[in-house]
């Protein structure tokens with residue numbers, strides 16, 4: 001038999017997850033000119049692209065343009081997409097070992113971390129992930145309801161996801177009408193009574209996790225003022241010293257915008273976004289089973305043993321009346337059947353993408369990339385170098401024969417028996433065509449299908 005990685009005997013790779021890390025796995029394998037690879041990509045949804053479709057804010061269409069490159073990768077000879085197929089349900093690790101030499105898991109970090117404070121289980125307490133997936137039309141979240149009849153909302157966290165939530169709540173329906181936001185979400189926001197949005201960060205302006213473009217946008221909203229308390233905008237001595245010792249242009253830009261907003265007078269806009277620093281939630285206060293307020297403690301910055309600026313609580317407290325609280329304080333992956341998992345980190349156990357057992361030994365044939373590999377850090381493009389590192393390990397291991405020994409390569413027959421509603425990439429292209437056509441009629445990028453049954457109906461199933 002010809003060596004593995006030749007036309008006669010291609011290296012067969014399964015990719016579980018079709019987000020950025022999955023597609024950058026494909027493009028990195030495409031660069032291996034001396035290696036013939038057949039790649040099958042799996043996703044439990046009928047639609048590819050992961051958080052680019054279901055996580056990137058609808059008013060950030062430029063960020064979604066990366067799907068053009070992913071679509072180009074999908075045209076690679078030997079690439080197949082198996083949508084509507086769930087690992088652990090329709091296909092197992094044992095199945096994959098019968099059909100592939102290697103499998104790479106790129107399933108992301110799907111769930112929010114909790115605040116771990118009293119009252120977090122009250123009605124009106126939500127994860128930011130749920131809200132983002134809801135307004136983006138993710139089928140798993142399309143039936144959720146958010147009580148937008150309240151006057152005030154608090155968002156705990158200052159990463160870009162928290163900023164997205166704050167911005168969507170702050171925008172007018174007209175600002176969102178030409179996006180690909182889910183129709184039901186646009187209708188709900190059209191009737192929203194929310195007028196006060198609080199964005200709460202436990203650290204100071206110099207440590208905020210958002211990027212300059214995100215905070216800049218907050219000052220450009222059509223009918224929402226942005227407010228920063230002057231005392232919280234003023235940098236403390238610890239932060240000033242840290243900025244001098246570790247210059248960062250993004251930090252300087254962020255601080256500049258915050259300083260500007262603190263000096264900006266209030267206009268007559270209907271909504272108010274208040275960005276708060278150095279405050280941590282200690283309790284969600286309820287009445288009749290619903291959130292009615294959030295209790296905060298004031299923090300002060302200090303330098304820890306590693307030289308990192310961190311917050312610590314003081315004895316100063318306050319209470320904000322709010323009807324909804326969204327938590328956005330970090331994300332974690334979900335354990336997969338048969339795959340070693342680091343519970344406290346929320347990632348697959350691995351070394352540079354090679355999956356490891358609990359005792360640190362490499363597990364033959366198993367790899368990982370993306371947030372499930374390294375944790376929820378970086379932007380979309382960060383996954384390119386992350387996948388590159390893992391693919392290099394996969395190529396090295398293939399050259400050394402550290403592979404599974406599959407038999408048949410006709411896995412599609414098995415998949416169609418277990419899931420008759422399997423979605424191919426051609427099927428996705430038809431769903432995509434219909435969404436885009438509907439969008440063009442309304443002056444929008446697309447009108448999304450938000451239920452799997454409607455996607456299947458397009459395909460006459």
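All of 448, 438 fail the test of being outside any strand (DSSP E or B), under 20 Å from the mean Cα position of the chain (by Cα), more than 28 Å from residue 35 (Cα to Cα) and not assigned by TED's automatic domain parsing to the domain that holds residue 35, apart from 448.
Kindly indicate whether residue 459 is in contact with a helix residue (DSSP H, G or I) (Cβ under 6 Å, 6 or more places away or on another chain), without any contact (Cβ under 8 Å) to a residue 40 or more places away in the chain and either under 23 Å from residue 41 (Cβ atoms) or not assigned by TED's automatic domain parsing to the domain that holds residue 182 (or both). When the stated conditions are applied, residue 459 passes them.
May I ask you to list the residues in the stretch 323-349 that are part of a loop (DSSP other than H, G, I, E, B) and under 15 Å from residue 280 (Cα atoms)?
Step one: of the stretch 323-349, the residues part of a loop (DSSP other than H, G, I, E, B) are 323, 328-330, 333-340, 343-346, 349.
Of everything in the stretch 323-349, those that are part of a loop (DSSP other than H, G, I, E, B) and under 15 Å from residue 280 (Cα atoms) turn out to be 328, 329, 330.
Among the residues of the stretch 70-121, those identified as crowded, with 19+ Cβ neighbours inside 10 Å and on the phi > 0 side of the Ramachandran plot are 84, 108, 119.
Here 303, 235, 229 are screened, and the one residue that is surrounded by 17 or more Cβ atoms within 10 Å (Cβ to Cβ) and either in contact with a strand residue (DSSP E or B) (Cβ under 8 Å, 6 or more places away or on another chain) or closer than 21 Å to residue 157 by Cβ (or both) is 235.
Restricting the stretch 403-429 to residues that are part of a helix (DSSP H, G or I) and buried (at least 16 other Cβ atoms within 10 Å of the Cβ) leaves a set whose member that is farthest from the chain's Cα centre (by Cα) is 411.
On the stretch given as the stretch 277-300, residues that are crowded, with 20+ Cβ neighbours inside 10 Å and under 21 Å from residue 242 (Cα atoms) total 4. The numbered conditions (1) buried (at least 19 other Cβ atoms within 10 Å of the Cβ); (2) within 30 Å of residue 455 (Cα to Cα); (3) touching a residue at least 60 places away in the same chain (Cβ under 8 Å) are all true for residue 189 except (3). Could we say that residue 91 is closer than 20 Å to residue 383 by Cβ, assigned by TED's automatic domain parsing to the domain that holds residue 349 and at pLDDT 95 or above here? Taking the combined requirement at face value, the residue does not satisfy it. Residues considered: 385, 390. Of these, the only one that is free of Cβ contacts under 8 Å to residues at least 24 places away in the same chain, assigned to a helix (DSSP H, G or I) and closer than 28 Å to residue 54 by Cα is 385.
Residues in the stretch 336-354 that are surrounded by 12 or more Cβ atoms within 10 Å (Cβ to Cβ), touching a strand residue (DSSP E or B) at 6+ places or on another chain (Cβ under 8 Å) and touching a residue at least 24 places away in the same chain (Cβ under 8 Å): 336, 339, 345, 346, 347, 348, 353, 354.
The values are calculated or read from the model by the stated rules, or taken from the named source; none is laboratory data. Small disclaimer: the values here were computed from a predicted structure and weren't measured. Cβ sites come from the backbone with ideal geometry, for glycine too, and all protein chains shown count toward neighbours.
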